[in-house]
Structures are given as structure tokens and as C-alpha cells.
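The values are calculated or read from the model by the stated rules, or taken from the named source; none is laboratory data. Predicted, not measured: the structure shown is a model, and the values here were computed from it. Cβ placement follows ideal geometry from the backbone for every residue including glycine, while neighbour counts extend to all protein chains displayed. Ligands, DNA and RNA are stripped out before the accessible areas are found, and what is left, the full protein with its side chains, is counted by its heavy atoms. Shrake-Rupley method; radii C 1.70, N 1.55, O 1.52, S 1.80 Å.
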Amino acid sequence: RPPHMCAPLPLLSDTIALARAFSLVSRRLTTPVLTSPRPRHMSKMSQPNKKMREDGDGKQIGTHDGTFHCDEALACYLLKKLPQYRDFSIVRSRNPEVLAGCEVVVDVGGQYDPAAHRYDHHQRSFNETMNSLVPEKPWVTKLSSAGLVYLHFGQDIIANMLGDGADKKLCGVVYDKVYQNLIEEIDAIDNGVSQFDGSPRYLMTTNLSSRVGRLNPSWNEEDQDTTKRFHKAMEMVGEEFEDRVRYYSQVWW
């Protein structure tokens, strides 16, 4: 072969470098990848997540979706004031399968069953009042979901708000005053019970139920999602409730 066509011989150093590179690639392709052990705090379930699950994570309070009203907003707020329901999430649906998975259901489902924690008042057979369920109470206005939850849990909620060592008589008096001056109004408005006979001389449009109703999206708004607005309604009625409890326990008493 003519000298100008002879390929140059590779240097010994280049040959050794190529061999080492080939060996390294071969080991990487055939050796299984070893992952570092999972940190102890991440094994199975992290401690914060476990704590949340024990405190009620995944458990739910159910109510209806769509247009919301003052009574179920207050009912949900009241339930979450109780230690056993504080960490429950709010689910808004009319799907019976979804509601069946909820620990508590208010204002939907067509069932009033305290043992099963079902507190609806829309069924035709329902005509319960404070007086019919607790005969020593004088009020005969048909209960809404707010009134039902308050009837069953109001004493405990007020006792928790007033703190350890709260006077039992004071708790009872505040319970009655808050029902008479706040909850009964919500019960009546939601059930369509008129405050008086005949035509009113003027309209009341600034009551709590009306203010909650105005939080719903208007028909011509682009954003028709009511979930965030429902939680805002819960905050509104909660502030009103707590203000009444403070007044009757600290000022009026």
C-alpha cells in the first residue's frame, strides 16, 4: 500500500483510555441501581399525615351543592366548632352515594335521624320545633338544619366557647338567648314562616339570611363556583354567632 494511504497507528494511551471507558459503560448497564434508604420520618406515612388522619382527615360533613342558604352555612360552622368535627372537610353534593359516605349530613337527604347524624328538614313528614323535641322550651317555629344542629349540639358549643369552669346556668341562659335572638330567625326565614300576619309596611333586606343569600353568584357572573363563597358564608354566620354568644355571656349577663 502506498505510504500516503496507511492509517496512523493509535497511541497506546488512547487505546487504554478507550478500554477504560468501555468497561465503565458496561458496568453501568449491567449493575442494578441502588437507591438510598427512605428516611425514617418518611416510612409508610409521615407523622404529620398520620396525625391528620387520626384527627379526622378524610371524614366529611355533607350538605347540598348549588345555591346556599344561611341555615346550612351556620349548621356546618356549628359542627366544626366541636372538637370531634373540627378537622372534617365540607362536601357539597346531592349525590346519594357521596352523601352516604359522610359522617354527618345537613340540609339535604330527606332524613332527620340524630342517631345517624342526618339533619334535614325538607321532607314532608318533618314538622319538628324546639318545643316538640324539648318540651320545656317554648319556641314553636319549625326548625331548619341550623336549628336542628343547634338543638343537639348548641349546649356543648357554648360551653366550649365559654371555657372550662363556665357556669352551667350561664351556659343554659346564653343557649336560650342565642336561639331566641338569632337561630329562630334563621329557622323561620328558611322555612318561609312569616314574622306577622298581613302585608308588611316595609321590607327587611339586611338580615343575616339576606346577606348570606347575596353571596351567591348572580346569574350573569362568569364565575358560578359557589364553593369558595359558601366558606365565606360560613365565616360570616360564624362571626355573627360568636358575637351573640360574647354579648349574652359578657355584657347582658
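Of note:
- Boolean, Leu143 is touching a helix residue (DSSP H, G or I) at 6+ places or on another chain (Cβ under 8 Å), buried (at least 22 other Cβ atoms within 10 Å of the Cβ), in contact (Cβ under 8 Å) with a residue 60 or more places away in the chain and farther than 25 Å from Val251 by Cα: no
- Taking the criterion of being over 25 Å from Leu162 (Cα atoms), open to solvent by less than 30 Å² (accessible area, probe 1.4 Å) and either of a type in the set (Lys, Arg) or out of contact with any strand residue (DSSP E or B) (no Cβ under 7 Å at 6 or more places or on another chain) (or both), the only residue of segment 67-104 that qualifies is Phe68.
- Met236 fulfils the conditions (1) out of contact with any helix residue (DSSP H, G or I) (no Cβ under 8 Å at 6 or more places or on another chain); (2) under 13 Å from Asp71 (Cα atoms); (3) not basic (Lys, Arg) except for a single criterion, (1).
- Residue within segment 43-61 that is open to solvent by 80 Å² or more (accessible area, probe 1.4 Å), modelled with pLDDT under 95, in contact with a His (Cβ under 9 Å, 6 or more places away or on another chain) and part of a helix (DSSP H, G or I) present: yes
- Candidates in segment 224-252 are the residues that are out of contact with any Lys or Arg (no Cβ under 9 Å at 6 or more places or on another chain) and not in a helix (DSSP H, G or I); of these, the one that is nearest to Val178 (Cα to Cα) is Asp225.
- Segment 147-199, residues that are of a type in the set (Lys, Arg) and buried (at least 17 other Cβ atoms within 10 Å of the Cβ): Lys177
- Single unsatisfied condition, Ser218 versus (1) within 22 Å of Cys76 (Cβ to Cβ); (2) open to solvent by less than 80 Å² (accessible area, probe 1.4 Å); (3) of a type in the set (S, T, N, Q): (1)
- Selection of segment 141-188 for residues being of a type in the set (Gly, Ala, Ser) and modelled with pLDDT under 95 yields Gly163, Gly165, Ala166.
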